[in-house]
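Student: Here it is: the structure, laid out below.
The values are calculated or read from the model by the stated rules, or taken from the named source; none is laboratory data. Keep in mind the model is a prediction, meaning the values are calculated, not measured. In this analysis, Cβ positions are derived from the backbone assuming ideal geometry, glycine residues included, and neighbour counts consider all displayed protein chains.
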Amino acid sequence: MRTSPFRVVLVALGNDHALGVRHLHASLAARGVAASMLFVEPDYRQLSHGPWFSADIDSLLAFLGPGDRTLVGLSLVTLTFPQAVALSSALRARTSAKILWGGVHPTLCPEACLPHADALCLGDGEEVLAVYLDHLAGKPLEKPVPGLLLAGSPVPRQPMRAWRAELTSLPAPSYEAADAWHIRRGRFYRGDPLRGETRHHLIASRGCPLACSFCCNERLQGALGPDRRYRTLAPRRVLDDLHAVLRERPGISRVMFWDDIFYPSQAQFLEFCELYEQELGLPFFCHVHPQWYDRARLERLRRCGCEAVGIGLQCGSELLRREVYRRPESNLELAALCAEAADLGLDLQYDLIVDSPFENDADRMTTVDFLFRLPRPARLFLYPYTEFPGTVLGEGSWTGSAVVRSSTHAEDRVGREFQVALSGMACWGKRTRALARWVRHRRRPLARRSVIALARILRVVHLGLNPGRRLSWRAWPS
Ligand code: B12
Ligand code: SF4
């Protein structure tokens, strides 16, 4: 392994999967450049329980030392922007390390990020990181590099992003790197935070064939044009990578595909299923969508080892889903897909957006009613409505929709917490269904405070009754 004249430390914030950092580490290794991976507070669910960062910063500074000839590559999303700012200003104040930011947030919001770093990577980072390292080592930049923005340079109105047209030539993400570290609650540990994990996480695509208004992909694709939007890793490559993973980590017993929609193309889907069934057959999880999945496809998935599918419902109101979230699917299609999946014995995970300012009480109840019509039990992942900067929703450019945004949604009688509790209950089963119906059909509405108190009790009961079933439910930092 060639030693770079710069020590490279790739830092993931609040993210043990951190596929971006793992891909960058692997691509540097393939170029012969050694780098460390450092996962700071790897459990992202901790992020809402802050402030946890000051002890983490001390640990990190101790690890870096004076930071001479060191490049710190920070990977962040909007949620971890405050932590990235705190960390970078401590680095600037106490070390001479160079700081390069990359990830979804710098890609969508370069103006907000550039003041905090020496350079930003916009889009795919493999080439940009290598070019920036060469630049630090003294190689001049002869022309603008797509995806690389240096501090002090003006941010163009439409900055160029780095995009790889194909993924297959990239190395597989690093999981067993010798130089991996993590910091948990301020304490430093050697090793990958996923060491010993029995599930292997991977993504076989970048981008997405859909373009929801709340998602980064809509904006990222806009700059690309339809032919380059969505890139997949060839099924043969996925299988080869998985064989290599199992050789290194024989304890892996499940595979988690994090693609937003798993192999929409029929040819690749069939090829994957055939190879996976013949060569692996390990239980796996993936996300499906009614536009591409029907009973035949679910059956094929089941046969080759799939044990659970995730389905993005978002809400029960078709109008809201279509007009605001820009999702094409109908309730009928979603319900049919869920029913087929349950019928085939697949475990279900439903993704929902809660606390939307576009919802009124009636819409919230529509969601709860819709959930009651779907197969149970199911794992429920609740995402608080968030206007991520740089997305259609974040820029308020959803105008023209037939749905009115409420200015008082925080005061709604059936508040978010209540909807969360009811939605959770809708997925549990008979035990709690009667209670949910009682709460909903009370003639006199409960006062907001009682609603919230009840919701909290229900949540505790939910977790008590279903210890294996996680309910992501947390406030979004403003
Ligand atoms: C898989 C996934 C997850 C997984 C794994 C997380 C992960 N980030 O690896 C899990 C389930 C854990 C997860 C959790 C969350 N996620 Co998520 N997730 C995704 C998803 C679908 C794919 C990400 C991915 O792995 N891509 C593949 C890798 C290779 O690409 P990448 O991460 O973008 O990295 C490349 C470049 O960005 C760049 N790069 C990245 N970092 C750096 C650093 C440097 C120094 C450089 C040079 C380059 C660079 O180079 C990389 C390689 O080319 C994206 C949607 C999407 N399509 O991006 C949402 C997404 C990232 N998630 C999102 C959110 C909101 C979350 C949560 C907050 C949800 C929650 N309820 O808490 C948490 C936050 C966790 C965290 N701290 O990141 C949002 C973030 C939006 C935003 N603007 O911040 C996204 C974009 C989806 C959306 N709604 O738009 N997520
Ligand atoms: S389906 Fe998921 S990844 Fe694709 S655009 Fe919508 S939210 Fe984004």
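Student: Have a look at 341, 378 and point out the one that is in contact with a Pro (Cβ under 8 Å, 6 or more places away or on another chain), surrounded by 18 or more Cβ atoms within 10 Å (Cβ to Cβ) and over 23 Å from residue 322 (Cα atoms).
Tutor: Result: 341 is the single residue among 341, 378 that is in contact with a Pro (Cβ under 8 Å, 6 or more places away or on another chain), surrounded by 18 or more Cβ atoms within 10 Å (Cβ to Cβ) and over 23 Å from residue 322 (Cα atoms).
Student: Which members of the range 281-301 meet the condition of being aliphatic (A, V, I, L, M) and out of contact with any Gly (no Cβ under 7 Å at 6 or more places or on another chain)?
Tutor: Correct list: 288, 296, 298, 301.
Student: Suppose we filter the range 237-275 for residues that are more than 16 Å from ligand 2 (Cβ to nearest atom) and in contact with a Pro (Cβ under 8 Å, 6 or more places away or on another chain); how many remain?
Tutor: Residues meeting the conditions: 7.
Student: While we're looking at this one, here's another question. Specify which of the listed residues (133, 148, 194, 220) is more than 23 Å from residue 56 (Cβ to Cβ) and under 22 Å from the mean Cα position of the chain (by Cα).
Tutor: Working: 133 fails: under 22 Å from the mean Cα position of the chain (by Cα); 148 fails: under 22 Å from the mean Cα position of the chain (by Cα); 194 fails: more than 23 Å from residue 56 (Cβ to Cβ).
Going through 133, 148, 194, 220 in turn, just one is more than 23 Å from residue 56 (Cβ to Cβ) and under 22 Å from the mean Cα position of the chain (by Cα): 220.
Student: In the range 314-338, what residues are crowded, with 23+ Cβ neighbours inside 10 Å and of a type in the set (Gly, Ala, Ser)?
Tutor: 316, 317
Student: Something else about it: Let me confirm something: among 144, 159, which residue is more than 9 Å from ligand 1 (Cβ to nearest atom) and under 21 Å from residue 88 (Cβ atoms)?
Tutor: 159
Student: Further, regarding this structure: Name the single residue that is farthest from residue 289 (Cα to Cα) among those in the range 319-342 being charged (D, E, K, R) and within 16 Å of ligand 2 (Cβ to nearest atom).
Tutor: 323
Student: I'd like the full set of residues that are among the β-branched types (Val, Ile, Thr) and either over 17 Å from the mean Cα position of the chain (by Cα) or over 27 Å from residue 86 (Cβ atoms) (or both), limited to the range 1-42.
Tutor: Filtering the range 1-42 down to residues among the β-branched types (Val, Ile, Thr) leaves 3, 8-9, 11, 21, 33, 40.
3, 8, 9, 33, listed by residue number.
Student: Can you tell me which residue within the range 272-288, out of those that are of a type in the set (A, V, I, L, M, F, W, C) and farther than 15 Å from residue 202 by Cβ, is surrounded by the fewest Cβ atoms within 10 Å (Cβ to Cβ)?
Tutor: 273
Student: Follow-up question, since we're still on this one. Inside the range 92-103, can you point out the residues that are surrounded by fewer than 24 Cβ atoms within 10 Å (Cβ to Cβ) and either among the hydrophobic types (A, V, I, L, M, F, W, C) or within 16 Å of ligand 2 (Cβ to nearest atom) (or both)?
Tutor: Correct list: 93, 97.
Student: I need a count of the residues in the range 337-367 that are assigned to a loop (DSSP other than H, G, I, E, B) and among the hydrophobic types (A, V, I, L, M, F, W, C).
Tutor: Counting residues in the range 337-367 that are assigned to a loop (DSSP other than H, G, I, E, B) and among the hydrophobic types (A, V, I, L, M, F, W, C) gives 3.
Student: What residue, among those in the range 279-296 that are in a loop (DSSP other than H, G, I, E, B) and closer than 20 Å to residue 266 by Cβ, is farthest from ligand 1 (Cβ to nearest atom)?
Tutor: Going through the qualifying residues, I end up with 294.
Student: For the range 80-132, enumerate the residues that are part of a loop (DSSP other than H, G, I, E, B) and either within 6 Å of ligand 1 (Cβ to nearest atom) or touching a Leu at 6+ places or on another chain (Cβ under 9 Å) (or both).
Tutor: 95, 97, 103, 117, 118, 122, 124, 125
Student: Still on this model: May I ask you to say which residue of 86, 62 is surrounded by fewer than 23 Cβ atoms within 10 Å (Cβ to Cβ), small (Gly, Ala, Ser) and in contact with a strand residue (DSSP E or B) (Cβ under 9 Å, 6 or more places away or on another chain)?
Tutor: Of the residues listed, the single one that is surrounded by fewer than 23 Cβ atoms within 10 Å (Cβ to Cβ), small (Gly, Ala, Ser) and in contact with a strand residue (DSSP E or B) (Cβ under 9 Å, 6 or more places away or on another chain) is 62.
Listed here are the residues, each with its yes/no results for (1) buried (at least 16 other Cβ atoms within 10 Å of the Cβ); (2) touching a residue at least 24 places away in the same chain (Cβ under 8 Å); (3) of a type in the set (D, E, K, R); (4) in the same structural domain as residue 390 (by TED's automatic domain parsing).
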residue: 111; (1), (2), (3), (4): no, yes, yes, no
residue: 121; (1), (2), (3), (4): yes, yes, no, no
residue: 127; (1), (2), (3), (4): yes, yes, yes, no
residue: 137; (1), (2), (3), (4): no, yes, no, no
residue: 152; (1), (2), (3), (4): no, no, no, no
residue: 157; (1), (2), (3), (4): no, no, yes, no
residue: 163; (1), (2), (3), (4): yes, yes, no, no
